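Data block below; observations after.
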Amino acid sequence: MSIYIDSYSVKIEGEDHEAKGKVKPIVNKLNMSSKDGMNSKNFIDMVEQIGDSHDSHCAIHIDVTMKQHRY
């Protein structure tokens, strides 16, 4: 069984390599969200591809909100 994700948001933060100086500030490199849902297995595949393309696998944080069915 797989879970259907109704909406999602993906954000990648990283060092600003164009900044001058020794200390590179952390900036948003990617912001992506959608209210069009998808199957959780497809979502995991998409997140893996985004992580691979941005070399961002060191700290991953996930927030999940599940709403109970209203009768």
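The values are calculated or read from the model by the stated rules, or taken from the named source; none is laboratory data. Just so it is clear, the structure is predicted and the values come from calculations on it, not from any experiment. Cβ coordinates were reconstructed from backbone atoms using ideal geometry, including for glycine residues, and neighbour counts include every protein chain displayed.
Some values worked out for this structure:
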{"item": "Filtered residue count, region 1-38, keeping only those that are in a strand (DSSP E or B), of a type in the set (A, V, I, L, M) and over 22 Å from residue 67 (Cα atoms)", "result": "5"}
{"item": "Counted residues, region 30-48 - those being surrounded by 11 or more Cβ atoms within 10 Å (Cβ to Cβ), closer than 19 Å to residue 61 by Cα and either modelled with pLDDT under 90 or of a type outside the set (D, E, K, R) (or both)", "result": "9"}
